[in-house]
Amino acid sequence: MHHYKLAVIIGRHQISHAGHELLKRKALEVADKVVVILGSSFQARSPKNPFNWQERQEMIFSTLTEDEKLRTFCCPIRDYYNDRKWNAEVKRIVSEYANDDVVLVGHKKAGDKDTYYLDNFKGWDYIGIESIYKVDASQVRAIYFEAEDVDVSLATVNDLILAPVKRFLMDWSFKPEYAELVEEHQKIKQEKALWKGSPYDVIFSTADAIVKSDDYVLLGKRKFHPGKGLWAIPGGFIEQHENVLHAALRELKEETKIDLSNKALMKYFKSVKVFDHPNRSCRGRFITHAHFFDLTGETIPDIQAADDLQEVAWVAIDKLSTMEESIFEDHFHILNQFLTLKR
């Protein structure tokens, strides 16, 4: 078999399991160096993405020898919700380690729509691995977050999680972040149960309002799960009697008590964009219509938080780039579309 300069593995590794280990072993076998692209980085913790990229690197490195660690590089990448941009960023990262003689090592699950990205790198060789494990990371995460006794629960998947990773998960379960995510997981599970048995796939429609005033944007901090304690764009579900613009205005007024009439707000309405990526929310399939209002040059209106928010605030736009991991779901991405944030 040809020996490559660089092998690339792409995945979220939430949680790192035995299937991932097979990819690492093959990559280390066929190449001098290995780059692990860690997807869904730089975002707020959620039951779907509980670990930051440094913690995932710790799990990955926990099963490597010292020599293997020196040959392995974990590189975080954010979700762009755009294949062209995401593919370009993966290639840019890889080019920092090698410009040629690159092989992609992956596993394509039958019927899995989430591994289509493995076909997007035609300039690289590809080695496909047939996994001997039937492992679904989402099911492992569910076991982890539904555990009355974490040690006992993880014992049910002993053949899917290596001992060093299990020790990491045990230690992590004593952190306050774990307790928060257990609550979040239960809340999302309860909400999804309400729609179980529907004859059709449930798709939710929401409307958001991005309000800019000079160098500030209006955000609210969520009081309850999901997304408790995270900053979010004002918005919510569209009601049956209203169109999306009216829903955005209503939610804006209800959540922030902004001291402007709808007629006054409409003078500052600039544009609307639809955000409909299938994976933008771990609550289910959510399609939102984000409406942009620019009050620049006018007096900043008074605001007051609704009962379901901890607080509302005019947040400096130049600070948003440092807040990415404390912003709800894909709202950082939405803000970037309208405000062109520096990251």
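The values are calculated or read from the model by the stated rules, or taken from the named source; none is laboratory data. Here the structure is a predicted model, which means the values were calculated and not measured. Every residue, glycine as well, gets a Cβ built from its backbone with ideal geometry; the counts of neighbours run over all protein chains shown.
Structure values in brief
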{"item": "Flag if Thr288 is surrounded by fewer than 18 Cβ atoms within 10 Å (Cβ to Cβ), assigned by TED's automatic domain parsing to the domain that holds Ala248 and either touching a strand residue (DSSP E or B) at 6+ places or on another chain (Cβ under 9 Å) or over 30 Å from Pro47 (Cβ atoms) (or both)", "result": "no"}
{"item": "Test: residue in the stretch 247-258 that is in a loop (DSSP other than H, G, I, E, B), among the basic types (Lys, Arg) and assigned by TED's automatic domain parsing to the domain that holds Arg222", "result": "yes"}
{"item": "Near pairs, Cβ below 9 angstrom, 6+ apart or cross-chain, from the stretch 302-331 (of a type in the set (D, E, K, R)) to any residue that is part of a helix (DSSP H, G or I) and buried (at least 19 other Cβ atoms within 10 Å of the Cβ)", "result": "Asp308/Glu255; Glu324/Phe332; Glu325/Phe332"}
{"item": "Exclusive hit being among the hydroxyl-bearing types (Ser, Thr, Tyr), buried (at least 19 other Cβ atoms within 10 Å of the Cβ) and not in a strand (DSSP E or B), set Ser281, Ser321", "result": "Ser281"}
{"item": "Helices (runs of 4 or more DSSP H) wholly inside the stretch 36-108 containing at least 3 residues that are in the same structural domain as Lys122 (by TED's automatic domain parsing) and closer than 21 Å to Asp119 by Cβ", "result": "83-95"}
{"item": "Matching residues in the stretch 154-171 - criterion: being surrounded by fewer than 18 Cβ atoms within 10 Å (Cβ to Cβ) and closer than 29 Å to Ser326 by Cβ", "result": "Arg167, Met170, Asp171"}
{"item": "Verdict on Ile143 being among the β-branched types (Val, Ile, Thr) and more than 30 Å from Asp32 (Cβ to Cβ)", "result": "yes"}
